[in-house]
Amino acid sequence: MNNVIKLFFLILCVFFLSLYFGRYTTDYYENKKVLTDEAIIQFEKDLKEGKEIVPSHYMTPEKNYQNKVSSFTLKTSHLIESVFRKGLKTLVRYLDNS
């Protein structure tokens, strides 16, 4: 019975760590260097006409999705993460002393 509990918590810890570190490797929303087709056409047109090239003129502006709901859920997520982290530390200390 004791081995089953240890195995369950080991799997739970591995799952948590994979999700925790997985957020650092995803850059789906972080790719800010991609130009749209219209921006590429405008860039090539300006280049042919000899205009001054300013990279910020061709980038799409970032959208701000910040609102009360997203702020609340972000704070809730951080709270859940800290409680879960403290619980796991306590559990690991308990299992280590067993």
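The values are calculated or read from the model by the stated rules, or taken from the named source; none is laboratory data. Keep in mind it's a predicted model, so treat the numbers as computed, not measured. In this analysis, Cβ positions are derived from the backbone assuming ideal geometry, glycine residues included, and neighbour counts consider all displayed protein chains. What goes into the accessible areas is simple: the full protein's heavy atoms, side chains included, and nothing from ligands, DNA or RNA. Shrake-Rupley method; radii C 1.70, N 1.55, O 1.52, S 1.80 Å.
Taking only complete DSSP H runs, can you tell me which helices of the chain stretch 24 Å or more along their own long axis by Cα positions and average at least 0.5 on the Kyte-Doolittle scale?
2-25
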Of all the accessible heavy-atom surface of the stretch 30-91, with the other protein chains kept in place and a 1.4 Å probe, what percent is carbon and sulfur?
61 percent
How big is the chain by Rg and Dmax over its Cα atoms, in Å?
23.9, 77
Suppose we flag chymotrypsin sites (Phe, Trp or Tyr not before Pro) only when DSSP calls them loop and at most 14 other Cβ atoms lie within 10 Å. Which is the longest uninterrupted stretch of the chain?
30-64
